[in-house]
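Structure record follows, encoded as structure tokens.
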Amino acid sequence: MEFLILDQTNNTRQTLHYEGDSFVIGREPTACHIVLRGPFIARKHARIYFKGNQIFIENLSRSGVRAANRDVQPGQPVRLDFGDEVQIAQYAIAMMRPGKTAEDYGDDRREAQRRLIAFEQEVHAELIERMNLRVTGHINKSDPRYVEQIIEHLNQVLATRGADLDEGLARHMAHTHLHRLVIAEVVRQCTGKVQTEYRSEARSTDPAMEQAIAELIGGLVDMMPLIFDPTTVQEDLETAELDFEDLFDQQYGSISESLRQYIVRQVVSKDLLDIMLGLGPLQDLLEMANVSEVMVVGKDRIYVEKNGVIQPTTRTFFSDEVLMSVIERILTPIGRRVDQSNPLVDARLADGSRVNIIIPPLSLAGPCITIRKFAWIPFTIDDLIERGSLSEQCAAFMRGCVMGRKNIIVSGGTGSGKTTLLNTLSAFVRPTERIVTIEESAELQLPQPHVVSLESRPANVEGKGAYTIRDLVRNSLRMRPDRIIVGEVRGSEALDMLQAMNTGHDGSLSTLHANTPLDAAARLETLVLMAVDMPVRAIREQIVSAVDMIVQLTRLSNGQRRITHISEVLELDEETHQIRVEDVFVLRDPDQPRLRHTGYLPTFAEDMIEKNLLKVEMFL
């Protein structure tokens, strides 16, 4: 049996061969078939075994084991299939099907990517020398003549180094380029737009070759069972990802040698221009509609989130210097800086994506970048129902609550989908209302015509000019809003938001970090205490008077986001003086998207049923 083992700390990979029908994994060489090294590896960590024609994995330790994105609990074996990934500490392990090779499981692609990076690094170094950039260190990307000069030198370098590319590397580059274009074409056919066009005008292109590539891409997409509807773009992208590999293998032999060489030049040109003028290896990832988050851990490790699951990529930066130049490229246009005296910064890309950057000495892993991509294909309530985040019954209930001007707090952990749900609920606000949105980084995309978007600003290098969320909440009260939507409450602005909800601004919405509805109420209490020293009972009365509903979100281990509670904030308990929260809908089984009505009717239900905002059937 062949095993592929990836050590994700240093991105090294090996293939091991063992005979038998039971394989023990752990750190003890005399007791284990697969020996892993690390402080979080048990002596005997896990066992993979055959039972008839089926394969199972069992956890032999108290430490974590995940298989095919599922947690493996001790005493509860999980069924495996060939190719399923087993995660133990920093290691990813996969069994290869008999008769298959590492090439069939993409191992050759990782090696090809490593060789491509080495080749591009050599080209980049020669380009720097030709243009004397080691001395000047300056690239004026706004000057078309300068960009043309880069293209000219790049073509000269590629003409002399073309012989260094073998067939395996050329195939990998064709796979990379066509995959980029297929994903972009699926999005275009689903939505009628492409976020970024890969065929940049800055590069020299051959119309005949581009036409041949367009026909090839069209043929690949036509062979995929896609729906091509704006509401199914995410599902179509998942299908395209799955089908592309087999279709590429079928079609690659029909690509002419001249077209292959043209694709090679285009791939290297794009990658090098991204490094010199754009965001380097991050550029591709930011242009992919099915990537929701990009995470950089030092120059050698780049991760992405796809469909709620974090995955390692094969991309890397050439050096720490290149990584720092990309960081500078992100921060300079918005007037921010990062250095040893200011090693932590939040920023926003031109498309609205949120960026957090932290560098040494705070980060021991080297410069780190976390980019929460701007959702340029916003979710609708139908998308959330389709993905199982909530049921139609609960969607109708929340629609009625928003239209009925109930004050709602969306609560959940990091990455649980709070902003997505807030954006979706905000779409139910009537178009005749004036809405003021307040965020640290503008992410909300509201369809209403009368929206005023406000964004906080940190202090400048002199420590002046800061405008906090609290400043903006206070100012919004002078802007005659019908509703105030605060992207996230995390500080003393909680007091001003509660006062706004209590002074005629019904229907306001916000998000909060908390694990349960009761925790959300308690956290609001704590945040208010950060702003003012007042009796706890008075704060709780303020919360009870201001907040009507709390919607609780959670992110499951498989990456899915689910609403777990929809609860009403009632009153103070006469005996304990604690805030009473009553659940209206509860998710009892995470594997079933349908939230169940608890039997409790909200205090406002009768009034809203009379106004035709809610239906009796919602509570049956």
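The values are calculated or read from the model by the stated rules, or taken from the named source; none is laboratory data. All values reported here derive from a predicted model rather than from experimental measurement. As a convention, Cβ positions derive from the backbone with ideal geometry for all residues, glycine included, and neighbour counts pool all protein chains shown. Accessible surface areas use protein heavy atoms only, side chains included; no ligands, DNA or RNA. Shrake-Rupley method; radii C 1.70, N 1.55, O 1.52, S 1.80 Å.
Condition (residue is within 16 Å of residue 440 (Cβ to Cβ) and modelled with pLDDT of 90 or more) applied to region 361-370: is it met by at least one residue?
Yes; the residues of region 361-370 include at least one that is within 16 Å of residue 440 (Cβ to Cβ) and modelled with pLDDT of 90 or more.
Of the residues 284, 346, 382, which single one is over 26 Å from residue 184 (Cα atoms) and either out of contact with any Pro (no Cβ under 7 Å at 6 or more places or on another chain) or outside any loop (DSSP other than H, G, I, E, B) (or both)?
346
Give me a count of the residues in region 499-513 that are open to solvent by less than 30 Å² (accessible area, probe 1.4 Å) and assigned to a loop (DSSP other than H, G, I, E, B).
Summing the residues that are open to solvent by less than 30 Å² (accessible area, probe 1.4 Å) and assigned to a loop (DSSP other than H, G, I, E, B) in region 499-513 gives 3.
Residues that are modelled with pLDDT under 85, farther than 16 Å from residue 179 by Cα, open to solvent by 10 Å² or more (accessible area, probe 1.4 Å) and aliphatic (A, V, I, L, M): does region 296-309 have at least one?
Yes, region 296-309 contains at least one residue that is modelled with pLDDT under 85, farther than 16 Å from residue 179 by Cα, open to solvent by 10 Å² or more (accessible area, probe 1.4 Å) and aliphatic (A, V, I, L, M).
I'd like to check which helices (runs of 4 or more DSSP H) are fully inside region 514-620 and have at least 2 residues that are in contact (Cβ under 8 Å) with a residue 40 or more places away in the chain.
Because the criterion is at least 2 residues that are in contact (Cβ under 8 Å) with a residue 40 or more places away in the chain, the helices (runs of 4 or more DSSP H) in region 514-620 that meet it are 517-531, 536-546.
Out of all the residues in region 370-389, is one or more over 25 Å from the mean Cα position of the chain (by Cα), surrounded by fewer than 21 Cβ atoms within 10 Å (Cβ to Cβ) and touching a residue at least 60 places away in the same chain (Cβ under 8 Å)?
Within region 370-389, not a single residue is over 25 Å from the mean Cα position of the chain (by Cα), surrounded by fewer than 21 Cβ atoms within 10 Å (Cβ to Cβ) and touching a residue at least 60 places away in the same chain (Cβ under 8 Å).
Could you give me the residue pairs with C-beta distances under 9 Å whose first residue belongs to region 249-275 and is closer than 30 Å to residue 326 by Cβ, whose second residue is outside any helix (DSSP H, G or I) and modelled with pLDDT of 85 or more wherever it lies, and which are 6+ apart or on separate chains?
Within 9 Å, the pairs are 263/255; 271/280; 271/281; 274/280; 274/281; 275/281; 275/317; 275/318.
May I ask you to list pairs of residues, at least six apart or on different chains, whose Cβ atoms are under 8 Å apart, with the first in region 1-16 being over 16 Å from residue 114 (Cα atoms) and touching a residue at least 40 places away in the same chain (Cβ under 8 Å) and the second being among the hydrophobic types (A, V, I, L, M, F, W, C) and in a loop (DSSP other than H, G, I, E, B)?
5/36
Identify the residue in region 213-237 that is of a type outside the set (Asp, Glu) and assigned to a loop (DSSP other than H, G, I, E, B) and, among all such residues, is surrounded by the fewest Cβ atoms within 10 Å (Cβ to Cβ).
225
I'd like the residue in region 346-369 that is without any contact (Cβ under 8 Å) to a residue 40 or more places away in the chain and among the β-branched types (Val, Ile, Thr) and, out of all such residues, is most open to solvent (accessible area, probe 1.4 Å).
By that ranking, first place goes to 358.
With respect to the numbered conditions (1) at pLDDT below 90; (2) at negative phi, which one is the sole condition not fulfilled by residue 485?
(1)
Say whether the condition of being closer than 30 Å to residue 86 by Cα, touching a Lys or Arg at 6+ places or on another chain (Cβ under 6 Å) and modelled with pLDDT under 85 is met by at least one residue in region 276-285.
No.
Could you check region 272-285 and list, in sequence order, the residues that are of a type in the set (A, V, I, L, M, F, W, C) and open to solvent by less than 20 Å² (accessible area, probe 1.4 Å)?
Scanning region 272-285 gives 272, 273, 275, 276, 282, 285.
Output the residues belonging to region 477-528 that are closer than 13 Å to residue 437 by Cα and among the basic types (Lys, Arg).
Once the filter is applied, which keeps residues that are closer than 13 Å to residue 437 by Cα and among the basic types (Lys, Arg), region 477-528 yields 480, 483.
Considering each of 458, 449 in turn, give the residue that is modelled with pLDDT of 85 or more and not small (Gly, Ala, Ser).
The match here is 449.
For residue 475, indicate whether it is closer than 16 Å to residue 563 by Cβ and outside any loop (DSSP other than H, G, I, E, B).
no
Assess whether residue 153 counts as being in contact with a Leu (Cβ under 8 Å, 6 or more places away or on another chain), open to solvent by less than 60 Å² (accessible area, probe 1.4 Å), modelled with pLDDT of 75 or more and more than 15 Å from residue 123 (Cα to Cα).
no
Restricting to region 310-342, name every residue that is part of a loop (DSSP other than H, G, I, E, B) and open to solvent by 20 Å² or more (accessible area, probe 1.4 Å).
313, 314, 315, 316, 318, 319, 335, 336, 337, 338, 340, 341
Does residue 496 satisfy the condition of being part of a helix (DSSP H, G or I), in contact (Cβ under 8 Å) with a residue 40 or more places away in the chain and either more than 26 Å from residue 563 (Cβ to Cβ) or not small (Gly, Ala, Ser) (or both)?
Against the criterion (part of a helix (DSSP H, G or I), in contact (Cβ under 8 Å) with a residue 40 or more places away in the chain and either more than 26 Å from residue 563 (Cβ to Cβ) or not small (Gly, Ala, Ser) (or both)), residue 496 does not qualify.
Of the numbered conditions (1) over 18 Å from residue 530 (Cβ atoms); (2) open to solvent by less than 40 Å² (accessible area, probe 1.4 Å); (3) part of a loop (DSSP other than H, G, I, E, B), residue 489 fails exactly one; give the number of that condition.
If we test residue 489 against (1) over 18 Å from residue 530 (Cβ atoms); (2) open to solvent by less than 40 Å² (accessible area, probe 1.4 Å); (3) part of a loop (DSSP other than H, G, I, E, B), just (1) comes out false.
Please work out which residue is farthest from residue 480 (Cα to Cα), limiting yourself to region 405-414 and to residues that are touching a Lys or Arg at 6+ places or on another chain (Cβ under 9 Å) and buried (at least 17 other Cβ atoms within 10 Å of the Cβ).
Within region 405-414, the match that is farthest from residue 480 (Cα to Cα) is 412.
Of the residues 244, 248, which is at pLDDT 85 or above, under 19 Å from residue 306 (Cα atoms) and open to solvent by less than 10 Å² (accessible area, probe 1.4 Å)?
Residue meeting the stated conditions: 244.
Mind checking which residues of region 396-427 are assigned to a loop (DSSP other than H, G, I, E, B) and over 25 Å from the mean Cα position of the chain (by Cα)?
Of everything in region 396-427, those that are assigned to a loop (DSSP other than H, G, I, E, B) and over 25 Å from the mean Cα position of the chain (by Cα) turn out to be 404, 405, 406, 407.
Report whether or not residue 604 is over 36 Å from the mean Cα position of the chain (by Cα) and under 24 Å from residue 412 (Cβ atoms).
Yes.
Does region 499-510 hold any residues that are without any contact (Cβ under 8 Å) to a residue 40 or more places away in the chain and not hydroxyl-bearing (Ser, Thr, Tyr), and which are they?
500, 504, 505
For region 415-428, does any single residue satisfy the condition of being surrounded by fewer than 17 Cβ atoms within 10 Å (Cβ to Cβ) and polar (S, T, N, Q)?
Within region 415-428, none of the residues are surrounded by fewer than 17 Cβ atoms within 10 Å (Cβ to Cβ) and polar (S, T, N, Q).
Could you look through region 456-472, keep only residues that are over 26 Å from the mean Cα position of the chain (by Cα), among the charged types (D, E, K, R) and not in a loop (DSSP other than H, G, I, E, B), and pick out the one that is nearest to residue 406 (Cα to Cα)?
Step by step, filter region 456-472, then rank; the result is 470.
Looking at residue 392 and the list (1) touching a residue at least 12 places away in the same chain (Cβ under 8 Å); (2) more than 22 Å from residue 293 (Cα to Cα), which single condition is not satisfied?
So the condition that residue 392 fails would be (1).
Exactly one of these conditions fails for residue 453: (1) under 19 Å from residue 426 (Cβ atoms); (2) polar (S, T, N, Q); (3) in a loop (DSSP other than H, G, I, E, B). Give me its number.
Result: residue 453 fails condition (3) only.
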